[in-house]
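The values are calculated or read from the model by the stated rules, or taken from the named source; none is laboratory data. Fair warning: this is a prediction, and the values are worked out from it, not measured in the lab. Glycine gets a Cβ as well: all are built from the backbone with ideal geometry, and neighbour counts include every protein chain shown. Side chains included, ligands, DNA and RNA excluded: accessible areas come from the protein's heavy atoms. Shrake-Rupley method; radii C 1.70, N 1.55, O 1.52, S 1.80 Å.
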Amino acid sequence: MEKFVDDDERYLDWIEKNPSGFVVNSLRNPLTGYLMLHHADCWTISTPTRSNWTIHQYIKFCAPDKTELENWAQNEVRRDLKYCGICNK
Ligand SMILES: [Zn+2]
């Protein structure tokens, strides 16, 4: 799992190289509980016309396998992931 904070360039590079991977969109402190799981190709987290993906209140956790992110949320954050309604159909 990789964490992207204040680094949109590396984040966008990661989703480009891992189109079948998964991304958790989180507030800067994941313990606050907003954890939304997306497919890496979901337009809501990858539109190139926006550039503040990891700069302001949100950060991203990325992994090739969603189980890794689910386990992280359960074990480290002790929260369930929410599943994006747009890309998790
Ligand atoms: Zn999505």
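At 222 nm, what value in deg cm²/dmol follows for the chain if DSSP H runs of at least 4 each add -39500 (n - 2.57) and the sum is divided by all its residues, to the nearest 500?
Dividing the helical sum by the residues of the chain leaves -5500 deg cm²/dmol.
For the range 12-89, what does the relative contact order come out to in percent, with C-alpha contacts under 8 Å and a separation of six or more? Please report the intermediate quantities before stating the final value.
Numbers: 112 pairs, mean separation 27.8, N = 78.
Computed over the range 12-89, the figure is 36 percent.
Counting only pairs 8 or more residues apart or on different chains, how many lysine pairs in the chain have their Cα atoms under 20 Å apart?
The number of close lysine pairs in the chain is 9.
So who's got an amide H within less than 5 Å of the one on Arg79, skipping anything under 5 residues away but keeping other chains? H placed 1.01 Å off N, in plane.
Those qualifying (amide H under 5 Å, at least 5 residues apart or on another chain) are Gln74.
Could you work out, for the chain, what percent of all Cα-Cα pairs fall into each 5 Å distance bin, beginning at 0 Å and stopping at the bin that holds the largest distance?
3, 16, 28, 28, 19, 5, 0
Could you pull out every residue, at least 5 positions away or on a different chain, whose amide H is within less than 5 Å of the one on Leu35? Hs are placed 1.01 Å off N in the peptide plane, and Pro or chain starts have none.
The list, which skips near neighbours in sequence, is Lys82.
Which ³J(HN,Hα) values, rounded to whole Hz and listed in residue order, are derived for the range 82-89 from phi using the Karplus coefficients 6.51, -1.76 and 1.60 in 6.51 cos²θ - 1.76 cosθ + 1.60 with θ = phi - 60°, glycine and proline given as x?
Whole-Hz 3J(HN,Hα) from phi for the range 82-89: 8, 10, 4, x, 8, 10, 10, 9.
I'd like to check one number: the per residue accessible area of the range 2-83, probe 1.4 Å, reported in Å² as a whole number.
Working: 4720 Å² over 82 residues.
On a per-residue basis, the range 2-83 sits at 58 Å².
Please report the antiparallel percentage of the DSSP beta bridges confined to the chain, to the nearest 5.
90 percent
Could you rank the peptides 75-82, 21-28 by their average count of other C-beta atoms within 10 Å per residue, with the highest value first? Please list the in-between numbers first.
Details: 75-82: 13.5, 21-28: 21.2.
Going from most to least packed, we get 21-28, 75-82.
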